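So the structure is just underneath, and the comments pick up after that.
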C-alpha cells in the first residue's frame, strides 16, 4: 500500500466516523430539505398564478398552511380528542380480551406473571425512570422538529443561494453534473411528496367514509392513523390496519372481518393502483428497496430513520442513476 492510498483510506475512515457522530444533525438537515422542497412546490404553484416575489409567496404559503391547519383542527379536533379519550377507555378492555384468549398459551405465561406481580417501590422507581426517559426523548424530538422547520423555512426562502453554494464547492469539471443532479433530485423529491400527499389524503378520506359506513368505532382516529402511515409504504399501511381491526374486535367478530376485508382492498388499491398512478412520472421505487431502506435506517436511527427512509432513497436513486450508472458503469470498457 502506497502512502497516498493509505492517506486516502484514513481520510475515508475519519469521514465515516465524523458522519456517524453527526448523524442526528444530518438527519435534521435532510428532514429540513424534504420540508423545504414541499414548501418550494407550493411556492412555485403560487408564483405561476401570481406575480409575487419569493419572500411574499413563502409568507402566503405559510399563512395558508396555518389557516388550513386551524380550520381543519377546528372541524376535526373536538371529535378527534373525544375519540382519543374513548380509545384510552377501550384499550384496557381490548387488552383484557386478548389476554383472555392468550392466557392458556404457555409462551405468554411469563408475561402474565410479570403483569400480575403487583406494585412495589422497585416497580414504581423503574416506571418513574422510564417516564423520565420518555419525557426527555419527547422534549429532544420537539427541539429537533422545531429546528427542522426553521431550517426548512430558511432553505425555502432562498434555495438558489444554497444550490449555488453546493455547486461552488464542487470541483470545476463536475459542477455542471452537480447542478443537474441537484435539479433532478429536487424534481424527484417534489414529485414523490406531491404524489404521496395526494395518496395519503385519499386513503384518509376513503378509510373514514368506509369505517363510518361499517359503523366501526373511532372511525376518524383510525382513518387519520391510516392516512399518516401511508407515508411509510409497506410497513405503515399494514401497521395502521391493526388499530381499526382491534377496535372492531370490541364489538363483534363479524365487524372485524368486514373492517379487515375493507382495509385489505383499500390497501391493495393504494399500493398497486393509486400510488403508482400518481408517481409514474416522477419516481419508481421497488418495494424491496423501500422495505430494506426502512429496515436499515430504522435499525440505525429508530423511528426518524423509518420516516425519512423513502425520501432519502428517492434522492439516492437519482444519485445512483446519474453518477454510478452513467458516469461509471456505462463508461466501463474492457
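Results for (1) modelled with pLDDT under 80; (2) outside any helix (DSSP H, G or I); (3) over 25 Å from residue 242 (Cβ atoms), shown as yes or no for each residue.
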position: 51; (1), (2), (3): no, yes, yes
position: 66; (1), (2), (3): no, no, yes
position: 87; (1), (2), (3): yes, no, no
position: 95; (1), (2), (3): yes, no, no
position: 101; (1), (2), (3): yes, no, no
position: 112; (1), (2), (3): yes, no, no
position: 119; (1), (2), (3): yes, yes, yes
position: 130; (1), (2), (3): yes, no, no
position: 137; (1), (2), (3): yes, no, no
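Given (1) more than 16 Å from the chain's Cα centre (by Cα); (2) surrounded by fewer than 17 Cβ atoms within 10 Å (Cβ to Cβ); (3) modelled with pLDDT of 80 or more; (4) assigned to a helix (DSSP H, G or I), identify the lone condition not met by residue 238.
(1)
Check region 300-311 and report whether any residue there is in contact with a helix residue (DSSP H, G or I) (Cβ under 8 Å, 6 or more places away or on another chain), over 24 Å from residue 190 (Cβ atoms) and either without any contact (Cβ under 8 Å) to a residue 40 or more places away in the chain or in a helix (DSSP H, G or I) (or both). Reasoning before the result, please.
At the first step, the residues of region 300-311 found to be in contact with a helix residue (DSSP H, G or I) (Cβ under 8 Å, 6 or more places away or on another chain) are 300-301, 304-311.
Applying the additional criterion that residues be over 24 Å from residue 190 (Cβ atoms) yields 300.
Within this subset, residues satisfying the condition of being either without any contact (Cβ under 8 Å) to a residue 40 or more places away in the chain or in a helix (DSSP H, G or I) (or both) are 300.
So far as region 300-311 goes, yes, one or more of its residues are in contact with a helix residue (DSSP H, G or I) (Cβ under 8 Å, 6 or more places away or on another chain), over 24 Å from residue 190 (Cβ atoms) and either without any contact (Cβ under 8 Å) to a residue 40 or more places away in the chain or in a helix (DSSP H, G or I) (or both).
Within region 155-185, work out how many residues are assigned to a helix (DSSP H, G or I) and touching a residue at least 12 places away in the same chain (Cβ under 8 Å).
Taking region 155-185 first, the residues assigned to a helix (DSSP H, G or I) are 155-157, 159-168, 172-185.
Retained after the next criterion (residues that are touching a residue at least 12 places away in the same chain (Cβ under 8 Å)): 155-157, 159, 163, 166-167, 177-182, 184-185.
Result for region 155-185: 15.
Go through (1) in a helix (DSSP H, G or I); (2) touching a residue at least 24 places away in the same chain (Cβ under 8 Å); (3) buried (at least 18 other Cβ atoms within 10 Å of the Cβ) for residue 271 and report which single condition fails.
(3)
Going by the conditions given, is residue 35 surrounded by 13 or more Cβ atoms within 10 Å (Cβ to Cβ) and in a helix (DSSP H, G or I)? Even if it seems obvious, please write down each step before you answer.
Working: surrounded by 13 or more Cβ atoms within 10 Å (Cβ to Cβ): yes; in a helix (DSSP H, G or I): yes.
Yes.
Here are 42, 27: which of them is under 22 Å from the mean Cα position of the chain (by Cα), in contact (Cβ under 8 Å) with a residue 24 or more places away in the chain and either assigned to a helix (DSSP H, G or I) or surrounded by fewer than 16 Cβ atoms within 10 Å (Cβ to Cβ) (or both)? Give the steps one after another, and end with the answer.
Numbers: 42 fails: in contact (Cβ under 8 Å) with a residue 24 or more places away in the chain.
The unique qualifying residue is 27.
Do we find that residue 285 is in a loop (DSSP other than H, G, I, E, B) and in contact with a helix residue (DSSP H, G or I) (Cβ under 8 Å, 6 or more places away or on another chain) in this structure? Full working, then the answer.
Details: in a loop (DSSP other than H, G, I, E, B): yes; in contact with a helix residue (DSSP H, G or I) (Cβ under 8 Å, 6 or more places away or on another chain): yes.
So residue 285 fits the description; yes.
Which residue, of 11, 2, is modelled with pLDDT under 85 and out of contact with any helix residue (DSSP H, G or I) (no Cβ under 9 Å at 6 or more places or on another chain)?
On the way: 11 fails: modelled with pLDDT under 85.
Among 11, 2, only 2 is modelled with pLDDT under 85 and out of contact with any helix residue (DSSP H, G or I) (no Cβ under 9 Å at 6 or more places or on another chain).
In the set 201, 234, which member is within 21 Å of residue 34 (Cα to Cα) and without any contact (Cβ under 8 Å) to a residue 40 or more places away in the chain?
Of 201, 234, the one residue that is within 21 Å of residue 34 (Cα to Cα) and without any contact (Cβ under 8 Å) to a residue 40 or more places away in the chain is 201.
From 243, 206, which residue is in contact with a helix residue (DSSP H, G or I) (Cβ under 7 Å, 6 or more places away or on another chain), assigned to a helix (DSSP H, G or I) and touching a residue at least 60 places away in the same chain (Cβ under 8 Å)? Talk me through it step by step, then tell me what you get.
Working: 243 fails: touching a residue at least 60 places away in the same chain (Cβ under 8 Å).
On inspection, the qualifying residue turns out to be 206.
Which of the numbered conditions does residue 215 fail, given that it passes all the others? Conditions: (1) outside any helix (DSSP H, G or I); (2) modelled with pLDDT under 85.
In the conditions (1) outside any helix (DSSP H, G or I); (2) modelled with pLDDT under 85, residue 215 misses (2) alone.
Condition check: touching a residue at least 40 places away in the same chain (Cβ under 8 Å), in a helix (DSSP H, G or I) and within 30 Å of residue 219 (Cβ to Cβ). Does residue 314 satisfy that? I'd like the intermediate steps shown before the answer.
Numbers: touching a residue at least 40 places away in the same chain (Cβ under 8 Å): yes; in a helix (DSSP H, G or I): yes; within 30 Å of residue 219 (Cβ to Cβ): no.
When the stated conditions are applied, residue 314 does not pass them.
Quickly run through region 317-334 and pick out the residues that are free of Cβ contacts under 8 Å to residues at least 24 places away in the same chain and either part of a helix (DSSP H, G or I) or closer than 22 Å to residue 28 by Cβ (or both). Explain how you work it out, then say what you get.
Initial filter on region 317-334 (free of Cβ contacts under 8 Å to residues at least 24 places away in the same chain): 320-321, 324-326, 328-334.
Once the filter is applied, which keeps residues that are free of Cβ contacts under 8 Å to residues at least 24 places away in the same chain and either part of a helix (DSSP H, G or I) or closer than 22 Å to residue 28 by Cβ (or both), region 317-334 yields 320, 321, 324, 325, 326, 328, 329.
Return yes when residue 254 is in a helix (DSSP H, G or I) and exposed (fewer than 14 other Cβ atoms within 10 Å of the Cβ) and no when it is not. First the steps, then the outcome.
Working: in a helix (DSSP H, G or I): yes; exposed (fewer than 14 other Cβ atoms within 10 Å of the Cβ): yes.
Here the answer is yes, as residue 254 does meet what is asked.
Would you confirm whether any residue within region 54-63 is in a helix (DSSP H, G or I), touching a residue at least 40 places away in the same chain (Cβ under 8 Å) and out of contact with any helix residue (DSSP H, G or I) (no Cβ under 8 Å at 6 or more places or on another chain)? Write out each step before concluding.
We begin by selecting, within region 54-63, every residue in a helix (DSSP H, G or I); these are 54-63.
So of that shortlist, the ones also touching a residue at least 40 places away in the same chain (Cβ under 8 Å) come out as 54-55, 58, 62.
Okay, now just the ones that are also out of contact with any helix residue (DSSP H, G or I) (no Cβ under 8 Å at 6 or more places or on another chain), so none.
No, region 54-63 contains no residue that is in a helix (DSSP H, G or I), touching a residue at least 40 places away in the same chain (Cβ under 8 Å) and out of contact with any helix residue (DSSP H, G or I) (no Cβ under 8 Å at 6 or more places or on another chain).
The values are calculated or read from the model by the stated rules, or taken from the named source; none is laboratory data. A quick note: this is a predicted structure, and the numbers were derived from the prediction, not measured. Cβ sites come from the backbone with ideal geometry, for glycine too, and all protein chains shown count toward neighbours.
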